[in-house]
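Peer 1: The structure is given below, and queries will be raised subsequently.
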Amino acid sequence: MDILETKLMFNGVLKQRGTTSRIIIHHSATNGDVAASTVHQWHLDKGWSGIGYHYLIRTSGVIEREGQKIL
């Protein structure tokens, strides 16, 4: 399985978690295929640091990893 690294640019300082206690699977309420870069821009437009997901699975099955970089 190939994972596409997005290398999206995030606003602000992101904190590294010490532990992970749960995994949440989330889906978007959109029609059709949406790229991680599109979701990232939606979240930036809301004033957030960027995409809120570590991985995004496209309708084609391609997996995109957020691959964070700070602005």
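Here, each number is a calculation from the coordinates, and none is a lab measurement. Keep in mind it's a predicted model, so treat the numbers as computed, not measured. Note that each Cβ is placed from the backbone with ideal geometry, even for glycine, and that neighbours are counted across all protein chains shown.
Peer 1: Please give the length that would be gained between Val34 and Arg65 if that part of the chain were fully extended, namely 0.36 nm times their separation in residues minus their C-alpha to C-alpha distance (nm, one decimal).
Peer 2: That pair, Val34 and Arg65, stretches by 9.8 nm at full extension.
Peer 1: Averaging sequence separations of C-alpha pairs under 8 Å and six or more residues apart, then dividing by the length of the chain, give the relative contact order as a whole percent.
Peer 2: Relative contact order for the chain comes out at 51 percent.
Peer 1: Can you pull out the trypsin sites (Lys or Arg not before Pro) in the range 20-71 that DSSP calls coil and that have at most 12 other Cβ atoms within 10 Å?
Peer 2: The qualifying sites are Arg22, Lys46.
Peer 1: Counting Lys and Arg as +1 and Asp and Glu as -1, each charge on the Cβ, what is the dipole of the chain about the Cα centre in debye, to the nearest 20?
Peer 2: That gives a dipole near 320 debye.
Peer 1: Can you show me the helix-derived [θ] at 222 nm for the chain, built from DSSP H runs with n ≥ 4 at -39,500 (n - 2.57) apiece and divided by the number of residues, rounded to the nearest 500.
Peer 2: Details: 1 runs with 10 residues, N = 71.
Helix-only estimate at 222 nm: -4000 deg cm²/dmol.
Peer 1: Shifting gears a bit: Limiting things to C-alpha atoms, what are the Rg and the maximum Cα-Cα separation (Dmax) for the chain, in angstroms?
Peer 2: Using the Cα atoms of the chain, the pair Rg, Dmax is 12.5, 36 Å.
Peer 1: Within the chain, which chymotrypsin sites (Phe, Trp or Tyr not before Pro) sit in a loop by DSSP and count at most 16 neighbouring Cβ atoms inside 10 Å? Don't jump to the answer; show the numbers that get you there.
Peer 2: Values: sites: Phe10, Trp42, Trp48, Tyr53, Tyr55; in loops: Trp48, Tyr53.
Qualifying residues, ordered by number: Trp48.
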